[in-house]
1. Every residue in region 70-96 that is of a type in the set (Ser, Thr, Tyr) and surrounded by fewer than 16 Cβ atoms within 10 Å (Cβ to Cβ), please.
2. State yes or no: is Glu67 over 19 Å from Ala271 (Cβ atoms), buried (at least 17 other Cβ atoms within 10 Å of the Cβ) and among the acidic types (Asp, Glu)?
3. Could you check region 8-40 and list, in sequence order, the residues that are open to solvent by 10 Å² or more (accessible area, probe 1.4 Å), more than 20 Å from Thr108 (Cα to Cα) and of a type in the set (A, V, I, L, M)?
4. I'd like to verify a number: residues in region 343-381 that are open to solvent by less than 10 Å² (accessible area, probe 1.4 Å), under 15 Å from Ile208 (Cα atoms) and more than 22 Å from the chain's Cα centre (by Cα), how many?
5. Give me the pairs, please: first residue somewhere in region 1-26 and free of Cβ contacts under 8 Å to residues at least 60 places away in the same chain, second residue anywhere and of a type in the set (Lys, Arg) and open to solvent by 30 Å² or more (accessible area, probe 1.4 Å), beta-carbon distance under 6 Å, and either six or more positions apart or on two chains.
6. Restricted to region 244-265, and to residues that are assigned to a strand (DSSP E or B) and polar (S, T, N, Q), which residue is least open to solvent (accessible area, probe 1.4 Å)?
7. Anything in region 225-243 that is surrounded by fewer than 19 Cβ atoms within 10 Å (Cβ to Cβ), among the aliphatic types (A, V, I, L, M) and not in a loop (DSSP other than H, G, I, E, B)? List them, or say none.
8. I need the full set of residues from region 119-144 which are touching a Phe, Trp or Tyr at 6+ places or on another chain (Cβ under 6 Å) and surrounded by 24 or more Cβ atoms within 10 Å (Cβ to Cβ), in order please.
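The values are calculated or read from the model by the stated rules, or taken from the named source; none is laboratory data. All figures in this text were calculated on a predicted structure; none of them were measured in a lab. Quick reminder, even Gly has a Cβ in these numbers, built from the backbone with ideal geometry, and neighbours come from all protein chains shown. Side chains included, ligands, DNA and RNA excluded: accessible areas come from the protein's heavy atoms. Shrake-Rupley method; radii C 1.70, N 1.55, O 1.52, S 1.80 Å.
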Amino acid sequence: MKKIAILGSTGSIGTQTLEVVEQNKTELQVVALSAGSNISLLEKQARKYQPQLVAVWDEKKAGELKENLADTDIKVLAGMEGLLSVATIESSDILVTAIVGMIGIRPTIAAIESGKDIALANKETLVTAGHIIMPLAKKCNVKILPVDSEHSAIFQSLNGEKGNKIDKILLTASGGPFRGKSYEELENVKVEDALKHPNWSMGKKITIDSATMVNKGLEVMEAKWLFDVSLGQIQVVVHPQSVLHSAVQFMDGAVIGQMGTPDMRLPILYALFYPNRRTLYAEELDLFSIGTLTFERPDMETFFGLSLAYDAADAGGNMPTVFNAANEKAVAMFLDNKIKFLEIPEIIAESMQEVYYQENPSLEEILNTEKATYEFIESRW
């Protein structure tokens, strides 16, 4: 029986992880859960899966949940203390980091130091602190198992290829809801338009990131750390059908990729049972009904957030943190109808120009960079 803890159990990845648990209840057991503020859903999850511990980021909501679960033996904690307790709970074997934002860095580090394998769905952890996370995981002999569909596809494509030189990674992108649109056509994009992803059902923040293609930029930075390759070895390929989830081209020209339906439960299942595979009770891929797969170069002028991501990764230091923090703030402002869609990459670009640069930042310096970026944006918009 593998015992799992989940950071962010009420979000898109968290709820799908619990669906995988439900399909494999004789082999997976939930021992800890956490959420930001959705205590209604978290209470339902807690009563169903009976974890030892649940944590809520919002302290007031944590107090309410504690009262609601008073008839159970489930421990309820709040804030960062709660997240750290979920991440390091002694009984767990693996931590699913499905939490959104840089808030996931400290719990991930604590889990690694506690010897937990990591099923990683929190991009920000490697984007901002890859130089800390990857050496620490190696030192602690901990596996970092990617849950993003693209990084899972690359991970699967590399199985059995140890020692064989990678020529390049082909990182696929759906192109989002605005693929093929010109810059001028994006001038008056509404929030509801940007949330209509053609293939994937995801949370609001990542769906907006997909629309701007900033999400693909974050994945480029994540891939660099996960697979120890240079930026020049990562090629983004727009693939509207979202059937080929990514591929690896080797030195001999052979390309190995992973295909499947656009279902996040597949990479979740693979991470939880690695190196073994289990049956996923879902719609199977039917190549006959799909018929044609197409591939395009990304439009890095219209969707220049992707180009900015390469710039941030190339600069290194705390610049990926500036990029990530500026995007988080800008997306939140867009979702609140405070800025226009095209202002998201503009805010990122201006932040990268104005916020101080720092080489090889510590965790504290990474968090200070996030704060400085937020303060800069608040002073201008």
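1. Keep residues of region 70-96 that are of a type in the set (Ser, Thr, Tyr), which gives 72, 85, 88, 91-92.
Correct list: Thr72, Ser91.
2. On the way: over 19 Å from Ala271 (Cβ atoms): yes; buried (at least 17 other Cβ atoms within 10 Å of the Cβ): no; among the acidic types (Asp, Glu): yes.
No; evaluated as a whole, the condition is false for this residue.
3. Within region 8-40, just Ile39 meets the criteria.
4. 0
5. Going by the 6 Å Cβ cut-off, there are no qualifying pairs.
6. Step one: list which residues in region 244-265 are assigned to a strand (DSSP E or B), which gives 244-250, 255-259.
After this cut, where a residue has to be polar (S, T, N, Q) as well, the list is 246, 249, 258.
Working: Ser246: 0, Gln249: 41, Gln258: 22 Å².
Going through the qualifying residues, I end up with Ser246.
7. Across region 225-243, the qualifying residues are Leu231, Val237.
8. The initial filter retains those residues of region 119-144 that are touching a Phe, Trp or Tyr at 6+ places or on another chain (Cβ under 6 Å), namely 126, 130, 134.
Correct list: Leu126 only.
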